[in-house]
Each structure stands twice: as structure tokens, then as C-alpha cells.
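Asks: So that we are looking at the same thing, I have put the structure below in C-alpha cells.
The values are calculated or read from the model by the stated rules, or taken from the named source; none is laboratory data. Just so you know, these numbers come straight off a predicted model, no measurement behind them. Backbone-built Cβ (ideal geometry, glycine too); neighbour counts: all protein chains shown. Quick note on the areas: whole protein, heavy atoms, side chains included, nothing else; ligands and nucleic acids left out. Shrake-Rupley method; radii C 1.70, N 1.55, O 1.52, S 1.80 Å.
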Amino acid sequence: MLAYIKGTLEMKMTEYVVIDVGGLGYKVFMSSVGMDNLGNIGDQVKVYTYYRVREDDISIYGFNSNEELRMFELLLSVSGVGAKTALAMLAVCTPSEFVLAIVSEDINVLTSIPGIGPKSAKRIILELKDKIKKEQQIAELTNATNKAISETNMKVKQMIEDDNKVQEAIAALQVLGYNKKDIEKAFMTLDKTGLSTEDLIKKGLTMLAN
């Protein structure tokens, strides 16, 4: 399975480009807009790829971004939509415009694409709307989970940093001749939030002196 192809752009034809990778020329089908955005002959390019295998055909489709690749995959999941139609859509709509059209059920945007009539547009909306919403919910849940993990990690990090400061203060007070158990007992009743090692030593001295 090819995730992407990175090499020298050797040819630009009507429906595809040829990218040289270590002496091998990969024929990659792209939308007209995708080819225009790719660069000039001789440039080093990178395209994200969809590798399609059929009984009578093996083809590689290329995209300028992962978002375009995902849009292409979503379109192929719709009954009656083939690779050529999906590429034609990419030449008219950006991934964000496409998703907005699906979510808002904007048939006019979809019917502006060559080969897509009202019936096809309605079918695309029907089959993809729930799928896109589900993916958005998953993405929101993932972001929320990552945020929670990040916040937890920050709290753990802060706890470790605070503990290190306490240990340094205990060691310093021991050097000054105080008993470790007495120091730990004193610190148990002390609010250590936001205190530096120096502050802990000063407060520890005050408490132990009493």
C-alpha cells in the first residue's frame, strides 16, 4: 500500500502525471487542479496516494493533501460514484467546501460538478451526511480526550516538580541538623502549592524552630 510518492515530476499529461522515484516512473492520476498545484516539470514533488486494484486494472491516484485523499475515499464509498467522478469533484470543490455542502445539504454545490445531477447529489448527501457527522463526533471526542490527557500530564508534571522541591528542601534542612521525620511531619501540615525550594526551606525553618 502506497501512502505517498515523493520524487521528480517528469511528465504532465491530460489526466495523469509521471513521477520518477529512483529510476522508476509512477503514473499517477490526478485532478486538473491537483496537477496545476503540483509544480513544474523537474520539480521535487510529493503526492498522497490511493492505490486501487481491480481485476482488469491497477491504478494510482494522487492528491496534494491528506484532506483531498480522505474526500476522494469518502466519495468512492458512495454507490455509483467512480474514481473519475471523484477526481472531477476535487477539481471543483475543496475538501472544506465539500464537507460543508454535505452537512448543509447544499445540492447546488454538488450539481455544479460535471456529471452530478440532482439525484446523484441527493444520494451523495444521504450516504455521507451521517458518516461525516460521526467522524466529526469522533474527532471532537478525540480532541477532548487528548485535552484531558494533556491536562492530567501537566498536573502529574507539576506534582513531580513540587515533590522534587520538597525533597530538596528536606535535604537542605537535614544538612542544617534537623531530623528527617520531624521535617516531613512539619511539611505534612504545610500548603506547598506554588512554593519554591527556598520558600519551603524558610517555612520549614520557622515551623521546626517553634
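Asks: If each residue of separation counts as 0.36 nm, what is the full-extension length gain between Arg54 and Asn108 once their alpha-carbon separation is subtracted? If you can, show how the numbers build up before the last one.
Replies: Numbers: separation 54, 0.36 × 54 = 19.44 nm, distance 3.27 nm.
Extra length from Arg54 to Asn108 when fully extended: 16.2 nm.
Asks: Taking Cα centroids, how far is region 44-116 from region 176-203 in Å?
Replies: Here the answer is 64 Å between Cα centres.
Asks: Sticking with this structure for a sec: Go through region 21-36 residue by residue and turn each phi into a ³J(HN,Hα) via Karplus (6.51, -1.76, 1.60, θ = phi - 60°); whole Hz please, and just put x for glycine and proline.
Replies: 10, x, x, 9, x, 8, 8, 10, 7, 9, 6, 4, 5, x, 5, 4
Asks: If you take the beta carbon distance between Ser96 and Val18 as r and set R0 to 30 Å, what does 1/(1 + (r/R0)^6) give as a FRET efficiency, to the nearest 0.05? Show your work: numbers first, answer last.
Replies: Values: r = 30 Å, r/R0 = 0.99.
Calculated value: 0.50.
Asks: In addition: Would you pull out the residues with amide H under 5 Å of Gly25's amide H, same chain only if 5 or more places away, H placed 1.01 Å from N?
Replies: Result for Gly25 returns nothing.
Asks: Hey, can you find the accessible area per residue of region 57-134 for me, probe 1.4 Å, expressed in square angstrom?
Replies: On the way: 3800 Å² over 78 residues.
Here the per-residue accessible area is 49 Å².
Asks: In nm, to one decimal, how far is the modelled label at Met11 from the one at Glu67, with both set 7 Å along Cα→Cβ?
Replies: Those two pseudo-labels are separated by 3.2 nm.
Asks: Turning to a different aspect of this structure: Can you give the local net charge around Gly7? Use residues other than it whose beta-carbon is closer than 15 angstrom to its beta-carbon, Lys and Arg +1, Asp and Glu -1. Could you put the intermediate results ahead of the total?
Replies: Details: positive: Lys6, Lys12, Lys27, Lys46; negative: Glu10, Asp20, Asp43.
Once all neighbours under 15 Å are counted, the net charge is +1.
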